[in-house]
Amino acid sequence: MVVNESPAQRRASRLRENKRRCHEAAGVLRHRINQGLYAGMRGTTEGYALAALLEAAGFELDRLPQLTARATLASVDELLDDAPTKPGAVAPLTAGEGF
């Protein structure tokens, strides 16, 4: 964080970092799937689909409903395994929340 950053600049910086992390997590997931393929894992299309969702969320993170963005970033933290505090499983979305 830069000392003389305005709140808007901090938000923009945080958004850029969160978007970058979404793309990084998608890459990590794809890499793990590819490693599994070498080990004989089958049924990888679901994993690739989830990686594509993370990538798409990264492009539109600032336009997602707040609950959806939070769930996305919690999943990113799990994939990158560097969450500041480990909250446990990501709570599923229920009807009407975040949509």
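The values are calculated or read from the model by the stated rules, or taken from the named source; none is laboratory data. Since this is a predicted model, take the numbers as computed values, not measurements. Every residue, glycine among them, receives a Cβ derived from its backbone with ideal geometry; neighbour counts consider all protein chains shown.
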If we keep just the residues of region 1-47 that are farther than 15 Å from Ala69 by Cα, in contact with a helix residue (DSSP H, G or I) (Cβ under 6 Å, 6 or more places away or on another chain) and of a type outside the set (A, V, I, L, M), which is modelled with the lowest pLDDT?
Thr44
Please identify the pairs in which a residue from region 40-61 that is surrounded by 13 or more Cβ atoms within 10 Å (Cβ to Cβ) has its Cβ atom under 8 Å from the Cβ atom of a residue that is assigned to a loop (DSSP other than H, G, I, E, B), counting only partners at least 6 apart or on another chain.
Ala57/Leu64
Is it the case that region 14-22 has a residue that's among the aliphatic types (A, V, I, L, M) and assigned to a loop (DSSP other than H, G, I, E, B)?
no
